[in-house]
Amino acid sequence: MKYMSSNEIREMWLDFFKSKQHQIIKSASLIPINDPSLLWINSGIAALKKYFDGEKIPPSRRLTDVQKCIRTNDIENVGKTDRHQTFFEMMGNFSIGDYFRKEAIEFAFEILTSQTYFAFEIDKIYVTFHPSDEETRQHWLRLGLKEDHVIPLAGNYWEIGSGPAGPNTEVFYDRGLKYDPNNFGTKLLKEEIENDRYIEIWGIVFSQFNAVEGVSREQYQELPFKNIDTGAGLERFACILQGTESNFETDLFWPIIKKIETFSKGSYFDNKVAYRVIADHTRACVFALSDGEIFAKDGRGYVLRRLLRRAMVFAKKLGITRPFLSELVTSVITVMQHFYPELKEHEAKVKQLILGEEIRFLKTLSSGQELLDQMIERHEIVDGAAVFKLHDTFGFPFELSQELLLEKGLSFDVSEFQALMIKQKEMARNARNEIDSMGKQAPDYLAFKTPSEYLDQKQVRALVTGLFMNETAVTELDESGVVATDYTNFYAESGGQVSDLGTIKGQDFLAEVPAVFKAPNGQHFHRINVLFGTIKIKDKVLLQVDYHHKNLVRRHHSAAHLLQGALDQVLGISARQMGSSVTSEYLRFDFGFDRALTKKELFDIEYLVNEVVAAKLKAEIKVMDLEAAKQQATKHVFDDKYQDQVRVVTFKNVSSEFCGGSHVSNTEEIGLFKIVNETSIASGVRRIEAKASLAAYQFVLEEEAHLNHVRTELNVKSNAELASKLTAHKKEQLRLEAEIVTLETIIANNLKEAVKKSLVIKDGIKLYCYFTNQKLELLKNMVDELKNDSQVVVFLASTMNRQTTFLLASSNDLAKARSLFESLKETYSLLGGGRPTFVQGSTTKDLTGIEARILALL
């Protein structure tokens, strides 16, 4: 084994698997994309689910990466153990329907033990495997591991609900007796005792079965395409290869810890827990904030707030009472920027965000800590209301208060706290008077009369005229809320078009704007998340719209107008608009029509829109008198009420509509238009979903990728060959299906003869008992035929995938099937049930001797 830096470990991992024909992919963002099941990317496989579940075609069937991850299920353990972290890096290699068990184990053994790579001593490598997975055990032994280094563990099975599942093997490194004071040895592994001697460094999952809820593992069917998913912890590799006591003394943490020492009154060895918490939590915040997350009251933002505030509480234990975590950002980036160069470009923003959050919490930290100390001094059951006050007034995350109290052995009234939280949420919900069917409004919104003027500009300087939190007027904001200004360049959501996005910036604050809506009196209200600082009434601010987003929305909105014009032309009617939605990613158009559109109609509509796009038609936008606009046959929603003056958007003779939304100045800006789907959403109402501009181009690329995949699978060089190749495949499929029918008939006849030869007669009762590996359907047909006779008992069993399925039947005159089953089930661990004349079931037990047992029962 040789010393290696963390950068060298990453590079060696990727280089090795690249040499094994794996494509190197960049680490995904910590923020999951289109996966509401995950709060964070928390494993190597999490970012690749789209490939493993078939949603997207992978760039290669062999992939390798180093994935940044965040796990927060056991934050309270961070700092107290040598290996718990919230932010960590998972090195992985993945096979999607390519190589499987043998190759995966061989790759692992080679990179771990070869002198060219990590050069771990083979005698210090231990592995565990699932007891049913004898093949894995044999592979490890064949490669040179000793028998007592290959240990069966029932827990070595990866399964999360229904879906792909399978056994796994885990690799451990033995750090020796120094970390095993009781000399337990492999008992630590066999009994899964938490220890510092055998360090798990790698897990390899053999994803080969389809797990079904309520079905035993023995009955799981094998997947048609088997996959490999592996994960090796970078920090653990570094700990072993750098010979440190824990992950925190490796080069991934040590420079950050040394920086913390410059602020502290004591060294790392005086309070390891505090140093570890601060270093780990700061790393997590730096990476998450760089990926675009912010501190917030809920979701991911709440997790970041909890991490940062936990770090600040532990900093207080080191005598650090001023903002300093923002000063650790550069140290984190210096350590990590070799592999993550993008961190550097976000450095200033991350420092500002962390400093702002530190200042916000420091306002209440001392008072909150004093209240917490009083609770601890009383040594009693803590009042849930007091913990709620810590949370609501002093900003202490509930989990942090709970952790600090439990640390002192104090019991904690969680139910009272939760009841107060529910009450607070209900009050907030009741206070939120968004527009509903009764037209109910928040009183402070209704009372706000100061006007705002919309200007279509990239930047606008304005004055803050109103601030609201939970729909109540306030004089300042340092978190989420609503801002009104005298001028704005943000389009407010209306008419099916989403609002603009962007930022509002002042001298001492920065806020993001995720949404804008119209106030009861017509002003533009900006929903904001304060990233740092405090915004106050009468502040001078700079409003900046995200024009990349705005332009994409514009293109989709104009495309929606052209779509309606094309619908009129192709269908020969005036398509009555029933609703629409326009975003930066897609447009959705609902219209009245009584049938599905044909493929040709959809093609013609799409072609006409793209023809207009290519024609470079200029948009004519003007404000007209309502009646004059109606007389020009301008399209509008007939149920809507309009003011005396209306805005009309016209693209020559193609489209003319009442519209207050954002549009391109020339149709050529749209670039490309692509219909994605057409469907019914209600009786007499159809919906077309389409994409324009970059979103349409991305859709075409994805379709092309699917075609390329099909071409590869069919071994053809061009799309033109696909039709003939598919026709040939279909003919071959029909031929093979006919051949299968012939073969199954032969098999069925042979099976019938074999079963009939198994006949044994006792006291006039005929018993047929036969074992095979044929499909259950064949056996059922055989049972139905045999039990039509009189005085008959039939027992047929088929063993597949280590599971035996059986059919036990009797003729109607005997009706003994169920009673025989009841007599046999305990001896042979039979599961199943049925009628007096027919029982179906399964077992994993050896059925030797069951024929004699049945005869004895007849």
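Miscellaneous remarks
- Three-way shape call for the chain based on the alpha-carbon gyration tensor, with the a/c threshold at 1.5: oblate
- With helices as the sole contributors, the chain gives -12000 deg cm²/dmol at 222 nm; each DSSP H run of n ≥ 4 counts as -39500 (n - 2.57), and the sum is divided by every residue.
- Per-residue accessible area (protein heavy atoms, 1.4 Å probe) orders Phe269, Phe771, Phe248 as Phe269, Phe771, Phe248, starting from the largest.
- Residue order for Met336, Met1 - accessible surface, 1.4 angstrom probe, largest first: Met1, Met336
- Cα-centred dipole magnitude for the stretch 1-116, charges only on beta-carbon of K, R (+1) and D, E (-1), debye, nearest 20: 160
- The stretch 131-269: C-alpha gyration tensor shape, a/c 1.5 cut-off, then a/b vs b/c: prolate
- Three-way shape call for the stretch 211-254 based on the alpha-carbon gyration tensor, with the a/c threshold at 1.5: prolate
- Only Lys, Arg, Asp and Glu carry charge here, each on its Cβ (+1 for the first two, -1 for the last two); on that basis the stretch 642-703 has a dipole of about 140 debye about its Cα centre.
- Ligands, DNA and RNA left out, the 1.4 Å accessible surface of the chain is 50% carbon and sulfur atoms.
- Of Lys536/Lys622; Lys780/Lys845; Lys351/Lys540, pairs whose Cα-Cα distance is over 27 Å: Lys536/Lys622
- Dipole orientation for the chain: of the candidates Ile75, Leu831, Gln208, Gln208 has the Cα lying most toward the positive pole (charges on Cβ; Lys, Arg +1; Asp, Glu -1).
- Each other residue within a Cβ distance under 13 Å of Lys622 adds +1 if Lys or Arg and -1 if Asp or Glu, for a net charge of -1.
- For the stretch 273-331, the pair-distance distribution built from all alpha carbon pairs, in bins 10 Å wide starting at 0, is 24, 56, 20, 0 percent.
- Reachable aspartates and glutamates from Lys20, criterion Cα separation under 13 angstrom, eight or more residues apart if same chain: Asp98, Glu103, Glu106, Glu110
- Listed residue (Ser581, Ser810, Phe295) projecting farthest to the positive dipole end of the chain, Cβ model: Ser581
- Listed pairs Lys50/Lys599; Lys26/Lys349; Lys56/Lys297 exceeding 31 Å between Cα atoms: Lys56/Lys297
- Hits among aspartates and glutamates - C-alpha to C-alpha of Lys449 under 17 Å, sequence gap 8 or more where chains match: Glu471, Asp486
- Among the listed pairs Lys80/Lys102; Lys80/Lys389; Lys102/Lys731, those whose Cα-Cα separation exceeds 32 Å are Lys80/Lys102; Lys102/Lys731.
- About the Cα centre, charge dipole magnitude for the chain (Lys/Arg +1, Asp/Glu -1 at Cβ), debye: 740
- Net charge over other residues, Cβ less than 15 angstrom from the Cβ of Leu807 (K, R count +1; D, E count -1): +4
- Phi-derived couplings, Karplus 6.51 cos²θ - 1.76 cosθ + 1.60 at θ = phi - 60°, listed residue by residue for the stretch 485-499: 10, 6, 10, 8, 10, 9, 6, 8, 4, 5, x, x, 9, 5, 6 Hz, with x used for Gly and Pro.
The values are calculated or read from the model by the stated rules, or taken from the named source; none is laboratory data. Just so it is clear, the model here is predicted, and its values are computed rather than measured. Cβ: placed from backbone, ideal geometry, glycine included. Neighbour counts: every protein chain shown. Please note that ligands, DNA and RNA were not included when accessible areas were found on the heavy atoms of the full protein model with its side chains. Shrake-Rupley method; radii C 1.70, N 1.55, O 1.52, S 1.80 Å.
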